[in-house]
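Below is one structure, written out as structure tokens, with a few remarks after it.
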Amino acid sequence: MRGTVPGEGQSQPGDSPSAGTVPDGRMGDAALRAASRRGTLALSGREVRRVTKLWSQTILPPVITAVLFMAVFGGALGGELRQVSGIQYLWFILPGLLITTVTGQAFANASTSLYQARNEGYIDDVLSSPLRSAEVVISYMVGGLYRGWIAAGLVLVAALPFVEGVENWFLALLVMVLTGIIFSALGVITGIWADSFDQQAFIAALIITPLSLLGGVFYNVEDLAEPWRTLSMFNPIYYLVDAERAGITGLHESAVWLSIAVAAVVAVLVTLWAIRMFRTGRRLRP
Amino acid sequence: MRAVHALGIHDLDKVYGDGTRALQGLSLAVPDGGFHGLLGPNGSGKSTLIGIITGLVRGPVGHVRVFGHDAVADPRRARTLVGLAPQEVHLDRFLTAREVLSFHGRYFGMSTADANARADELLAAFDLEGKSGTRPNRLSGGMRRRLLIARALVHRPRLAILDEPTAGVDLELRQDLWKYLSRLREEQRTSILLTTHYLEEAEALCDRISMIRDGRIVAEGTVPELIAQFGGPRLEDAYLRVMRAEPTEAPR
């Protein structure tokens, strides 16, 4: 090692002309707030960087899957399934594919990244930092949101030349935002809760994916026979798919703004739940 | 006016969920600028104590103050002042060596420019310049250990906690680390809490040494004081006498 000790006489983290430190070098309130902002941005940036670096595992597969669904159902079987509820079938399934992509990817990213950090022990670097629980949870959610939205955005870009367009951009984006928040927060909860990769994969494979695909992605729920129609009404993802369909095509079965309101409340509740789980520290700290 | 200790611990208890009582009424003080050794066998409570100070172990009973800040009730301020090099080498495998340091600094509130500059300084100081773009899992064991210690120092902590920093490293690196840590204390007045199983390391570096056993501090003093109190020409003899004493004989 070299013969110098770097950094002598330099400032402490969080120092800035406006924030500053108290005379003995400890942080004042403003400096602590500035430090929190920087730390949150750093951890969020780390999560985004992980998604981008691993693009062939994080972005490409869900885009290919969704595009294949569109090619098979919208293209190869297009002659058989020309229209549903009076609209082109490809246009009909696009909203559900977007929601499925966001739910799966937002959930997978937040749960996997957090579980990996726990399992490999490097989460200690974050846990011993001055970041608050809410800031850490939001940073992990940012990674999930980024992955979900980028993947869904690419699916939308791939589909747009072949469909009639987007009826209500605001509604379509709002539903994707709420869906991303709900499922990235659920991913954080699963990342904290899971004791093994199997447990984490179990939630994704046996709960999230089936609920997504049975949420009226490929069919009109109102056309189903009983009891499937009633059962579908208990699937929360159905309402997100239906609201997204209202945004993309203008077609919907349920009360869209009620679905949005409920989704917004759920988004807040699951985020608070994730923060609370992180704050109590169970499964994170002995 | 009473001097503020770098670390002040009073009557600390920790019972894990399975009923294991890891710490029992432990008290310890490290003065500002002090180099304090913590010696004890595996399972004596050293890592639990360090975990409580750094927020990695929850729910202790008692008082832990870092430069006067309550590390349990107001942990954020305390954590900004502490740098931890843990015993186990856990480094983020998605980042390069330089990013490991830079991101750590930013988690602790440094600006990106400051954190990057500090990362470069420490990479140079720890002879890791040539590995700045390498991911930790591609570094040798000694390099990973150096990176871990460098990471603890990125945010310029006033108290560095080094949990067996020389475990499993070769003699040359160990001696380099000793020199570096001594200079860190002398030149920057960084307070250091060091745990180690190498008694000669504690003897060479520490002003004072605490011996921990069954979650309690059972002996404390300078090396000459400990030798005078417990006998033997070397610290090792005093250590063995303290650790082999019947629990009731162990002095508090």
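A Cβ distance below 6 Å, combined with a sequence gap of six or more or placement on separate chains, defines the contacts here; from the range A:158-177, residues that are of a type in the set (Phe, Trp, Tyr) reach residues that are buried (at least 16 other Cβ atoms within 10 Å of the Cβ) and assigned to a helix (DSSP H, G or I) in the pairs A:PHE162/A:LEU90. Under the condition of being under 17 Å from A:ARG285 (Cβ atoms) and surrounded by fewer than 23 Cβ atoms within 10 Å (Cβ to Cβ), the residues counted in the range B:1-45 number 6. Among the conditions (1) in a helix (DSSP H, G or I); (2) free of Cβ contacts under 8 Å to residues at least 12 places away in the same chain; (3) within 12 Å of chain B (Cβ to nearest Cβ), A:ALA71 misses just one, which is (3). Give B:GLY59, B:GLY34, B:GLY83, B:GLY45 a once-over and let me know the one that is more than 29 Å from B:LEU122 (Cα to Cα) and touching a strand residue (DSSP E or B) at 6+ places or on another chain (Cβ under 6 Å). It is B:GLY45.
Out of curiosity, is B:GLY133 within 14 Å of chain A (Cβ to nearest Cβ) and more than 21 Å from B:ALA6 (Cβ to Cβ)? So B:GLY133 passes the test. The set of residues in the range A:113-133 being part of a helix (DSSP H, G or I), within 12 Å of chain B (Cβ to nearest Cβ) and not acidic (Asp, Glu) consists of A:SER113, A:GLN116, A:ALA117, A:ARG118, A:ASN119, A:VAL126, A:LEU127, A:SER133. Within the range A:33-60, being buried (at least 16 other Cβ atoms within 10 Å of the Cβ), at the interface with chain B (Cβ under 7 Å from one of its Cβ atoms) and either under 15 Å from A:ALA110 (Cα atoms) or of a type in the set (Lys, Arg) (or both) holds for A:ARG38, A:LEU43, A:ARG46, A:ARG50.
Filtered by the rule that a residue be in a helix (DSSP H, G or I) and more than 8 Å from chain A (Cβ to nearest Cβ), the range B:116-130 gives B:ASN116, B:ALA117, B:ALA119, B:ASP120, B:LEU123, B:GLU129, B:GLY130. For B:SER111, the conditions (1) over 21 Å from A:ARG50 (Cα atoms); (2) of a type in the set (S, T, N, Q); (3) within 10 Å of another protein chain (Cβ to nearest Cβ) all hold with the exception of (1).
For residues in the range B:54-80 being in a strand (DSSP E or B) and surrounded by 16 or more Cβ atoms within 10 Å (Cβ to Cβ), which is farthest from the other protein chains (Cβ to nearest Cβ)? Outline the logic, then answer.
We begin by selecting, within the range B:54-80, every residue in a strand (DSSP E or B); these are B:61-66, B:69-70.
Within this subset, residues satisfying the condition of being surrounded by 16 or more Cβ atoms within 10 Å (Cβ to Cβ) are B:62, B:64-66, B:69.
Details: B:GLY62: 17, B:VAL64: 14, B:ARG65: 12, B:VAL66: 10, B:HIS69: 7 Å.
Going through the qualifying residues, I end up with B:GLY62.
Rule-based calculations on the coordinates, nothing more; no lab input. These numbers were taken from a predicted model, which means no experiment stands behind them. Ideal geometry is used to build each Cβ from the backbone, glycine not excepted, and the neighbour counts take in all protein chains shown.
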